[in-house]
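Below: one structure, written as structure tokens.
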Amino acid sequence: MTKAIRIHANGGPEELKWEQVPTPEAGPGEALIHHEAVGLNYIDVYFRTGLYKSALPATIGMEGAGTVLAVGDGVTELAPGDRVAYAGGPIGAYATERVISADRLVKLPETISFETGAAMMLQGMTAQYLLRRTFPVQKGQTILVHAAAGGVGLILCQWARHLGVNVIGVVSTPEKAELARAYGATDTIIGHAHLAAEVKRITGGAMVPVVYDAVGRDTFGASIDCLAPLGMMVSYGSASGPVPPVDISLLAAKGSLFLTRPSLASYTASRADLVACAADLFDVVASGAVEIKVHQTFPLANAREAHMALEARKTTGSTVLVP
């Protein structure tokens, strides 16, 4: 038997139950791993509440790091004892042990701890595809990043700085503004009440070529107003709720804008893309250009408390759950 956090109904953090479940067996093409650390991400909240649908009962969680215990038939790239990490579907990370398709696992370099691996995979690979593929930023540009003191936000700030890009970080408190600047944000804005006016002031009227927005409903309109003509609105999260339906004529009226709702699953759908994305992330972390700091740690059994802190915006940077 193994232990897992499961939900039997969608709802608040109180739906997270610490339960004993049968230990799964690795089938063909699969690997059984023992988690040493599990990443906490806002997408976990979406699955818990039902914004993102899953069959119930369900073990949520999209990211983890640990040791391979066994492999199924046909698995040749991994062996028992390998240190591995992963991010992305299917859900099931909130468990001491789980089975997952072996082609979704990447080997974790010895220089990276399990906690760091669990904290960096989903957020770090998200930052990678946002900066390198969705809108490939260029040296000298100024970009706008919402939730700049969050897990993805702090990585975006550092990686963009490494690429010679200026970051305007949007945060909710002075303390988070200080943190974002410490991680590479050139300028910070607290709140979004006067977002476009502040961006106009900072950029001297030029506005920005891209906005990376993980907040969703509450910031979408203000974000659109911050874009220069032909700019790209990248809405990659819904922390405040989903964005309402958009009249696409708005994009023409605001300067022939582009709008995208990307996902890590799409950008790492192939094994080659997954390995390349992870390798790029490992490289910038190994070089010191991007530092992954675990700001909060909770026992996996206390996932309910971790979710409460995340939703109350009491967390910064990365958070891990330890089985």
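Per-structure values
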| item | result |
| --- | --- |
| Flag if residue 154 is outside the structural domain of residue 21 (by TED's automatic domain parsing) and of a type outside the set (Val, Ile, Thr) | yes |
| Subset of segment 273-310 that is in contact with a helix residue (DSSP H, G or I) (Cβ under 6 Å, 6 or more places away or on another chain) and not hydrophobic (A, V, I, L, M, F, W, C) - its residue that is nearest to residue 108 (Cα to Cα) | 280 |
| Segments classed as strands (runs of 3 or more DSSP E), wholly inside segment 210-323, with at least 2 members that are over 26 Å from residue 37 (Cβ atoms) | 227-235, 258-260 |
| Search result, residues across segment 1-27 that are loosely packed, with under 13 Cβ neighbours inside 10 Å and of a type in the set (S, T, N, Q) | 20 |
| Matching strands (runs of 3 or more DSSP E) fully within segment 10-98 where at least 2 residues are free of Cβ contacts under 8 Å to residues at least 60 places away in the same chain | 17-21, 63-71, 83-87 |
| Only one of 92, 88 that is at pLDDT below 95, at positive phi and either touching a Cys at 6+ places or on another chain (Cβ under 6 Å) or small (Gly, Ala, Ser) (or both) | 88 |
| Selection count where residues are surrounded by fewer than 20 Cβ atoms within 10 Å (Cβ to Cβ) and of a type in the set (Gly, Ala, Ser), scope segment 180-215 | 8 |
| The listed residue being surrounded by 21 or more Cβ atoms within 10 Å (Cβ to Cβ), over 30 Å from residue 8 (Cβ atoms) and in the same structural domain as residue 222 (by TED's automatic domain parsing), out of 127, 149 | 149 |
| Restricting segment 310-323 to residues that are crowded, with 16+ Cβ neighbours inside 10 Å and closer than 23 Å to residue 177 by Cα, the residue that is modelled with the highest pLDDT | 320 |
| Some residue of segment 275-295 being free of Cβ contacts under 8 Å to residues at least 60 places away in the same chain, surrounded by 15 or more Cβ atoms within 10 Å (Cβ to Cβ) and either under 28 Å from residue 207 (Cβ atoms) or touching a strand residue (DSSP E or B) at 6+ places or on another chain (Cβ under 7 Å) (or both) | yes |
| Spans of helices (runs of 4 or more DSSP H) in segment 105-188 with at least 1 residues among the aromatic types (Phe, Trp, Tyr) | 114-129, 151-162 |
| Number of the exception - residue 201 against (1) closer than 22 Å to residue 236 by Cα; (2) not in a loop (DSSP other than H, G, I, E, B) | (1) |
| Positions within segment 184-225 being among the hydroxyl-bearing types (Ser, Thr, Tyr) and in contact (Cβ under 8 Å) with a residue 60 or more places away in the chain, in sequence order | 203, 212, 219, 223 |
| Odd one out for residue 301, checked against (1) surrounded by fewer than 20 Cβ atoms within 10 Å (Cβ to Cβ); (2) under 15 Å from residue 154 (Cβ atoms) | (2) |
| Test for residue 4: is it in contact (Cβ under 8 Å) with a residue 40 or more places away in the chain and either closer than 28 Å to residue 240 by Cβ or aromatic (Phe, Trp, Tyr) (or both) | no |
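The values are calculated or read from the model by the stated rules, or taken from the named source; none is laboratory data. Just so it is clear, the structure is predicted and the values come from calculations on it, not from any experiment. Methodologically, a virtual Cβ is constructed for each residue, glycine included, from the backbone with ideal geometry; neighbour enumeration extends over all protein chains shown.
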